[in-house]
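Shown next, in structure tokens, is the structure this report addresses.
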Amino acid sequence: MENRPLRIALTKGRLEEKAVQLFGDIGYDCDRLINKGRKLVIDIGGLEIVLVKAADVITYVENGACDMGIVGKDTILEYGKSFYEILDLGFGKCRMMVAVKKGTDFYSGYSRKKIATKFVNIAREYYNKKGMDVDIIRIEGSVELAPLLGLADAIVDIVETGVTLKENGLEVIEEVCPLSARLIVNTACMKLRREEVLELTEKIERWVDRPEGR
Ligand code: PRP
């Protein structure tokens, strides 16, 4: 493991552009990342980057196939078990919210409420803490549809600009937690390659704290 450069798993999609900018800004050759074609492991000069789906970032880092990862706090809360979460990167800021069809009173009536979400563990924990017995329904995408079609009383989902809720006649009733991109490290790697990990983390930390960063 020590013979290859540190390998970092980046989340494809929403966090990708900012993560690529980060590595460019701290001095790596990100042209190779931008013009990667179909290549899956990209050497940016001293670091290896792989771009994968959010939940897979966790899997690769937990198993040590990747040393570090950049992933949203939502994915960490939903799927994360054993790794170090070492830095809040300050981008990809959004919130996990409970939303309902505009004008409905979620707490009225005695029937058990149905909650549709992609984040079943986050939703279950939230309602457990409230001491509320609810049915959680797993939905894979476009969760906003569920209350509109009568499948659920509420959704637990990510809200960034609020446009998706607004355009579909939904409104926020509660905040579950704030979210943002985080830097995570494999636990064995943190011991075996501590110097390298901390050196890279310090560079990233300086980037996070740059004047235009926050
Ligand atoms: C997320 C989330 C909302 C939307 C919120 O979905 O599930 O649908 O973004 O963003 P907004 O507040 O800026 O409108 P995403 O685009 O990640 O896709 P998905 O529903 O397919 O998971």
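So here's what we get for this one:
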read-out	value
Sequence-distant aspartates and glutamates (8 or more away, or on other chains) whose Cα lies within less than 18 Å of Lys191	Glu2, Glu62, Asp67, Glu85, Glu199, Glu202
Between region 28-51 and region 180-214, the Cα center-to-center distance that results, in Å	19 Å
Å² per residue, accessible surface of region 94-178 at 1.4 Å	58 Å²
Counting DSSP beta bridges with both ends in the chain, the antiparallel % (nearest 5)	60 percent
Lysines with Cα under 25 Å of Lys114, excluding same-chain neighbours fewer than 8 positions away	Lys73, Lys101, Lys102, Lys129, Lys130, Lys166
Region 1-115 - Kirkwood radius from inverse mean 1/r over Cα pairs (Å)	16.3 Å
Three principal axis lengths of region 94-178 [C-alpha, angstrom, descending]	30, 25, 21
Length-normalised contact order of the chain in % [C-alpha pairs under 8 Å, at least 6 apart]	27 percent
Length gained when the stretch Ser142-Arg32 is fully extended (0.36 nm per residue, less Cα-Cα span)	36.3 nm
Mean projection area, nm², convex hull over Cα of the chain	13.4 nm²
Length added when fully stretched, Ile173-Ser111, from 0.36 nm per residue minus Cα-Cα	20.5 nm
Rounded percent of accessible protein surface that carbon and sulfur make up, the chain, 1.4 Å probe	48 percent
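The values are calculated or read from the model by the stated rules, or taken from the named source; none is laboratory data. Keep in mind that what you see is a predicted model, and the values were worked out from it rather than measured. For the accessible areas, the whole protein counts, side chains as well, though only heavy atoms, and no ligand, DNA or RNA atoms are used. Shrake-Rupley method; radii C 1.70, N 1.55, O 1.52, S 1.80 Å.
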